[in-house]
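Written below as C-alpha cells is the structure these notes are about.
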Amino acid sequence: MGFVFNNYDPCTANRWVNHKRQTIRFHVDDLMSSHVSPQVNDDFFKWLNSKYGSHGPVTCTRGKVHDYLGMVFDFSRAGKVVISMVDYMTKMIDEFPYKIDKIASTPATDDLFGEGSGSVLDKDMAKVFHTWVAKSLFACKRARPDTHTATTLLCTRVKSPNQDDWKKLLRLLEYIKGSLKDVLVLKADDLHVIKWYVDASFAVHADFKSHTGAAMTYGSGA
C-alpha cells in the first residue's frame, strides 16, 4: 500500500491517492481511515480483508460519527470535528468507589502545586488514586484538555499519595462531574497557519522551579 509514517506520531500513516492524502490512524487492530473520495476507503477496506480476512473478517462502519477508542468523533458539522468522551467521563464518576457529592467550577484550587501534608494513603486508597489519575490522563490527552494541568500534577504523586493529594483528586472529579457534557471542538481556519500560545511562571514551586505551559491551535480549539 506504500504508507509513509508520520515522524511525530507512530500511530498515523499517510499515502497519496489521486493527488489527495489518505490518512490512517491505528491502534493495534483498530483503524480510522479518511480520504476525500469514498472509493479510496472502499478499496482500502477490500485490501484489508484480502490481507487479513483469513484470520477473521474485517468489519467497518461508515458515516459522519464514529466511536473510536473511547472517543466519539462527529464530523457532521461543516468544517469542524467534535470529539466527545461523555460516556467515558460519566462512567469515570459512576464507578468511583466514593460518592462525589459536590460540583466544582474549576479542576483545582490555588494550592494545586503545593506539596501538601497529611498521612500517606493506605494501600486500597492509593490504588484507587492511581487508577483514577490514569483514567483522567487518558481523557485529558484526547477530549478533555481542560483537565490537563491538574492531571499532570496528580501524575507526579501516584507513587506515594497523601491526604492532600486525595483532596486534589476529589476536586478534579467534582469538576468533571459538573462538566460531563463538555466536548472538544476543533476547526482549522488555515492549515498553513499554526498559532502557539506559551506562558511561564517563575519560581512558583516549593523547590523554586518554574512552570511552563503551551497550547497550539489552527483556529478554533486547542
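Quick one: if the Förster radius is 30 Å, what FRET efficiency do R77 and W16 give, using the C-beta to C-beta distance and rounding to 0.05?
Once the sixth-power term is evaluated, E becomes 0.65.
Where does the chain land at 222 nm, in deg cm²/dmol rounded to the nearest 500, when only DSSP H runs of n ≥ 4 count, each adding -39500 (n - 2.57), divided by all residues?
-9500 deg cm²/dmol
Using a 1.4 angstrom probe on heavy atoms only, work out the carbon and sulfur share of the accessible area of the stretch 1-143 in %.
Carbon and sulfur: 54 percent of the exposed surface of the stretch 1-143.
State the extension gain, in nm to one decimal, for the chain segment bounded by D42 and T23, taking 0.36 nm per residue of separation less the distance between their alpha-carbons.
5.5 nm
Solvent-accessible area per residue for the stretch 39-194 at a 1.4 Å probe radius, Å²?
Here the residues of the stretch 39-194 average 61 Å² of exposed surface.
Can you spot the aspartates and glutamates whose alpha carbon is less than 15 Å from K141's alpha carbon? Ignore those fewer than 8 places along the same chain.
D9, D182
Post the alpha-carbon centroid distance, the stretch 139-177 to the stretch 182-221, in whole angstrom.
Spelled out, the Cα-based centre of one part sits 19 Å from the other.
Apply the a/c threshold of 1.5 to the C-alpha gyration tensor of the stretch 97-161 and tell me whether it is rounded, prolate or oblate.
rounded
For each pair in K51/K91; K64/K135; K127/K187; K51/K187, compute the distance between the two Cα atoms and list the pairs where it is over 30 Å.
The pairs that break the limit, which is 30 Å between Cα atoms, are K51/K91; K127/K187; K51/K187.
Calculated from the structure, volume of the Cα convex hull per residue in Å³ equals which of [x] 124; [y] 170; [z] 115?
Only one option fits the structure, namely [y].
Any idea what angle helix 123-140 forms with the longest principal axis of the chain, computed on alpha-carbon atoms, 0 to 90 degrees, nearest 10?
Orientation of helix 123-140: about 40 degrees from the principal axis.
The values are calculated or read from the model by the stated rules, or taken from the named source; none is laboratory data. For clarity, every value in this text was computed on a predicted model and none was experimentally measured. A quick note on method: Cβ atoms are made from the backbone with ideal geometry, for glycine too, and the neighbour counts reach across all protein chains shown. To get the accessible areas, we keep the full protein, side chains included, count just its heavy atoms, and leave off ligands, DNA and RNA. Shrake-Rupley method; radii C 1.70, N 1.55, O 1.52, S 1.80 Å.
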